[in-house]
Amino acid sequence: RIVILPLTFKGVKSMQRLQTLQPEIKKIQERYKDDRQRMNQEVMAFYQREKVNPLGSCLPLLLQIPFFISLFYLLRSDEFKADIAGNAAFGPIDNLAEKVTDPVLLGVLIVLYVGTQLAASAVTAFSADPTQRRIMFALPFVFVIFIINFEAGLIVYWITTNVWTIGQQLLVKKLYPKERFAKEPDEIGRASCRE
């Protein structure tokens, strides 16, 4: 996460920029709602004029997926289990490479996971539209079904990642306050009509 921090900052700036441009994008979509192809062309032209990449905020997330998958398979491998034999514990967790069987400990880990995931969603999606926010706040509860079958190390990784995300987003908000849209809406409409 430290290595990809510059990309994350760039992605957050891109997401913030997209959020400030959202009213203008909605106007373009409304204007060309009957012509999907023209609407897409106008939106892409708008992105180019404003020098914003709609996929810029996805790259840091995509770069994390291989690490999660690698950790998933590492914790299940017999070689790794042999390597950590005799030193597999982590705090109250007896073995990071095994599923948590103690119901109290599993309950605590699930509450920590859901709590940190909700907090991470809250600081990440504070300005998302209501539908996106509802989905983001529902997903942690859906993932619990899968999480309870994961090895303890994956649950710890996920909680740690959530805590990192919360801190990172709070830092980003401090370093990169939300910018306002530079041009007046009428200016943009006139500019796009001239083009």
key: helices (runs of 4 or more DSSP H) enclosed by region 24-88 - at least 1 residues per element that are polar (S, T, N, Q) and open to solvent by 100 Å² or more (accessible area, probe 1.4 Å)   = 36-50
ask   = Taking the condition surrounded by 15 or more Cβ atoms within 10 Å (Cβ to Cβ), without any contact (Cβ under 8 Å) to a residue 60 or more places away in the chain and of a type in the set (S, T, N, Q), does residue 101 pass?
value = no
ask   = Here are some residues: 59, 109, 75, 63. Which one is touching a residue at least 40 places away in the same chain (Cβ under 8 Å) and closer than 16 Å to residue 160 by Cα?
value = 109
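So that you can scan it fast, the table gives a plain yes or no per residue for (1) under 25 Å from residue 58 (Cβ atoms); (2) crowded, with 16+ Cβ neighbours inside 10 Å; (3) free of Cβ contacts under 8 Å to residues at least 12 places away in the same chain; (4) not acidic (Asp, Glu):
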{"residue": "116", "(1), (2), (3), (4)": "yes, yes, no, yes"}
{"residue": "131", "(1), (2), (3), (4)": "yes, no, yes, yes"}
{"residue": "140", "(1), (2), (3), (4)": "yes, yes, no, yes"}
{"residue": "149", "(1), (2), (3), (4)": "no, no, no, yes"}
message = Against the definition (under 30 Å from residue 78 (Cα atoms) and part of a helix (DSSP H, G or I)), how does residue 146 come out, yes or no?
response = yes
inquiry  = Against the definition (closer than 30 Å to residue 176 by Cβ and of a type in the set (Lys, Arg)), how does residue 76 come out, yes or no?
reply    = no
remark   = Condition set among the charged types (D, E, K, R) and part of a helix (DSSP H, G or I), scope region 118-143, selection farthest from residue 5 (Cα to Cα): answer is 134
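The values are calculated or read from the model by the stated rules, or taken from the named source; none is laboratory data. None of the values given here were measured: they were computed from a predicted structure. Note that we place each Cβ from the backbone using ideal geometry, even for glycine, and neighbour counts take in every protein chain shown. SASA here: full protein model, heavy atoms, side chains in, ligands and nucleic acids out. Shrake-Rupley method; radii C 1.70, N 1.55, O 1.52, S 1.80 Å.
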